[in-house]
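A quick write-up on the structure given underneath.
The values are calculated or read from the model by the stated rules, or taken from the named source; none is laboratory data. This one's a predicted model, so the numbers in the text were calculated from it and none came from an experiment. Here the Cβ is made from the backbone with ideal geometry for all residues, glycine too, and neighbour counts use every protein chain on show.
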Amino acid sequence: MTGTPQLVAELLYGAGLRLSEGLRPRVKDIDIGQQQIIVRDTKGHQDRVTMLPQRVIDRLQAHLVMVKHQHQQDLQQGYGQVYLPYALFVQKAVKAAVRRIEINKINKVQLSYPSPQLRNSLAAKWL
């Protein structure tokens, strides 16, 4: 996995996000200075704050620059919204990666706060 799907997958794992939460963050919800992400309208219909993984910050900033440029182009062409061409592709890529590393059913808490053994096991299989 590379590019945007990899960035999303690393955000999902590193920030403990559900797939739907990782596909819909807004720029204003990402605080790089505080290394936090505000996750809006979660499963319990509440907002929460979670950590922004250090290893994705540089690539996330580059991605945000690219998306801002694309948005400016869209506005110049008369469009008022941002097209998300990779959302379905990212979802399929994450599902395929999960199948490849043989995660069937793991407690959500384990994924949000993985033990060192689980983290090392996943990292070894993911690489």
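So here's what we get for this one:
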| item | result |
| --- | --- |
| Pair list, Cβ under 9 Å, 6 or more apart: segment 61-85 residue of a type in the set (Val, Ile, Thr), other residue modelled with pLDDT under 85 | 67/82; 82/71; 82/74 |
| Some residue of segment 40-47 being surrounded by 15 or more Cβ atoms within 10 Å (Cβ to Cβ) and not charged (D, E, K, R) | no |
| Helices (runs of 4 or more DSSP H) lying entirely in segment 31-122 (those with 3 or more residues that are in contact with a helix residue (DSSP H, G or I) (Cβ under 7 Å, 6 or more places away or on another chain), of a type outside the set (Ser, Thr, Tyr) and modelled with pLDDT under 75) | 87-100 |
